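Engineer: Sending over a structure as structure tokens; questions will come in a sec.
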Amino acid sequence: MTLMSSTLSSLFLALAVITTGLYAGFMLTFLIAIMPGIAALPDERFTAAMRRFDEKVPGPAFLVLFLGVIAFPAVVVVGGDGGSDRILAVAALVCAVAGHLITIAGNIPLNKALAESEGGDDGAARAAFESRWNRLHRVRTLLSLAAFALLAVAGAEF
């Protein structure tokens, strides 16, 4: 495979920075505003709110970001010029993949268990969900912020 042109490589790096920044911002918003905001709710309202979020979040716009934070850095890694931007893109890609693995192996199963508990004991459902979900979410938020920072530095080098 030949290396991409500098312009095309720059475009994919810019797309990687944008999608990863938007995704990191979404994750950070959940961490610092949404979860603290609903933490004070009684169990039945907390679990209802989380169930509604889980129904709405995997929509088309979110999926573009979720996939873009992997796809765009991967294109930079595969087709880049081999410079420091490529090294930074590899590091960002590792962070993004690790965050997605946490989401897939940790947060999504917790979301599914919470959804399946609807109509049951909201106190028990929340106890099984909230602290574990928040702990996993903190890690994946830090990983997404790290990926964004790495890509932003790579983009600043042009």
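The values are calculated or read from the model by the stated rules, or taken from the named source; none is laboratory data. Only a predicted model underlies this, so the values are computations on that prediction, with no experimental measurement involved. Here the Cβ is made from the backbone with ideal geometry for all residues, glycine too, and neighbour counts use every protein chain on show.
Engineer: T47 - would you say it is under 23 Å from I104 (Cβ atoms), within 19 Å of the chain's Cα centre (by Cα) and of a type in the set (S, T, Y)?
Structural biologist: no
Engineer: Follow-up question, since we're still on this one. Looking for something among the basic types (K, R), in contact with a helix residue (DSSP H, G or I) (Cβ under 8 Å, 6 or more places away or on another chain) and part of a helix (DSSP H, G or I) - is there at least one such residue anywhere in the stretch 56-67?
Structural biologist: No, because not a single residue in the stretch 56-67 is among the basic types (K, R), in contact with a helix residue (DSSP H, G or I) (Cβ under 8 Å, 6 or more places away or on another chain) and part of a helix (DSSP H, G or I).
Engineer: Still on this structure, I have one more. Mind checking whether some residue in the stretch 109-124 is basic (K, R) and surrounded by 17 or more Cβ atoms within 10 Å (Cβ to Cβ)?
Structural biologist: Scanning the stretch 109-124 turns up no residue that is basic (K, R) and surrounded by 17 or more Cβ atoms within 10 Å (Cβ to Cβ).
Engineer: So, A48, is that one at pLDDT 95 or above and within 25 Å of E130 (Cα to Cα) or not? Lay out the reasoning, then the answer.
Structural biologist: Working: at pLDDT 95 or above: yes; within 25 Å of E130 (Cα to Cα): yes.
Yes.
Engineer: When residues of the stretch 23-58 are filtered for being closer than 16 Å to A92 by Cα and surrounded by fewer than 16 Cβ atoms within 10 Å (Cβ to Cβ), how many remain?
Structural biologist: 1
Each row is one residue, and each column tells you yes or no for (1) within 27 Å of F72 (Cα to Cα); (2) not in a helix (DSSP H, G or I).
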{"residue": "A115", "(1), (2)": "no, no"}
{"residue": "G120", "(1), (2)": "no, yes"}
{"residue": "G123", "(1), (2)": "no, no"}
{"residue": "A127", "(1), (2)": "no, no"}
{"residue": "E130", "(1), (2)": "no, no"}
{"residue": "N134", "(1), (2)": "no, no"}
{"residue": "R140", "(1), (2)": "yes, no"}
{"residue": "L145", "(1), (2)": "yes, no"}
{"residue": "A149", "(1), (2)": "yes, no"}
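Engineer: Only one residue in V69, V97, V78 is modelled with pLDDT of 95 or more, among the β-branched types (V, I, T), over 27 Å from A128 (Cα atoms) and out of contact with any Lys or Arg (no Cβ under 8 Å at 6 or more places or on another chain). Which one? Quick ask: steps written out before the conclusion?
Structural biologist: Numbers: V97 fails: over 27 Å from A128 (Cα atoms); V78 fails: modelled with pLDDT of 95 or more.
Checking each option against the conditions leaves just V69.
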